[in-house]
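Comments concern the structure below.
None of the figures in this text is laboratory data; all of them are computed from the coordinates on show. Everything quoted here is computed from the prediction, not taken from an experiment. Because the Cβ atoms are built from the backbone with ideal geometry, glycine has one as well, and the counts that use them run over all protein chains shown.
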Amino acid sequence: MKYVVLALPFFALSAAAWAGDVPCLPTRMSLDEEPPRERQDLENDRQRPDESSRLTPMEFFFRHSELEAGALYTDFDGSLSLKSHLGFYVRYGVEIAPRVSVHMTYRYNEFGNGPRSAAVQEDIKIQSVLFGASYTQPLTREFAVLGSLGVGPTWFDSSVVKGDIGFTVSGELAATVRLYEFLRFKAGLVVDGVNTNFHGASGMQVNLSWLFGLEIGL
């Protein structure tokens, strides 16, 4: 029996040496230090490069692009002498930083202005191209709120009076809800400041719109 007791240290030394060759087994125990394997994983995480740095330009645009389309119901400033009407918009954006994206928006609105009993019917067409940026704040995985600013020209065309090109500054506050993995519904309020002389207006006119749209993107 005493020979077995004397042989135990040799078996222990052999097992320790064998454990040192197998990376998944610890060779020592400590309450002050984390296990070597976990520490190595943390080091790998710190050294792992940002995903965006490994993407080609085409892959970056695909992963960070958003396409949005919807409707705008606009209540025009009284000085423009235009009735409220429903228009449409399309927006393309690219996320350039976490929660920050730049975008281009095209708006289109065409309608008959004034009462149908008028001797001369006026046909109105309004188009805008806006360049801007948005900031999105997620509330949960399904819900988010965002704010946007944009600037650009607006074209006013009429079948009765001379058209005009105005300059528009647009602000937007909206909320989104996720419908599917890559599809979100959006609703919000848009305030436009437009500087134009259309219909004899002067100075800055303020238009108020309700926005409803769909966002497609990763």
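For GluC sites (Glu not before Pro), the sites in segment 90-159 that DSSP calls loop and that have at most 11 other Cβ atoms within 10 Å are Glu142. In this rough spin-label picture, where each label sits 7 Å from Cα along the Cβ direction, the Val90-Leu179 distance is 1.8 nm.
Overall form of segment 83-212: prolate. Here a/c, set by the Cα gyration tensor axes a ≥ b ≥ c, is 1.5 or more, and a/b is the larger of a/b and b/c.
The amide H of Gln121, built 1.01 Å from its N in the peptide plane, has no neighbour under 5 Å, considering only residues 5 or more places off or on other chains.
Loop-located chymotrypsin sites (Phe, Trp or Tyr not before Pro) in segment 117-218 (DSSP state other than H, G, I, E, B) with a sparse environment of at most 15 neighbouring Cβ atoms within 10 Å: Phe182. In this calculation the C-beta distance from Phe143 to Leu189 is compared with R0 = 22 Å, giving a FRET efficiency of 0.85.
A DSSP coil position with no more than 11 other Cβ atoms inside 10 Å describes the following trypsin sites (Lys or Arg not before Pro) in segment 89-118: Arg116.
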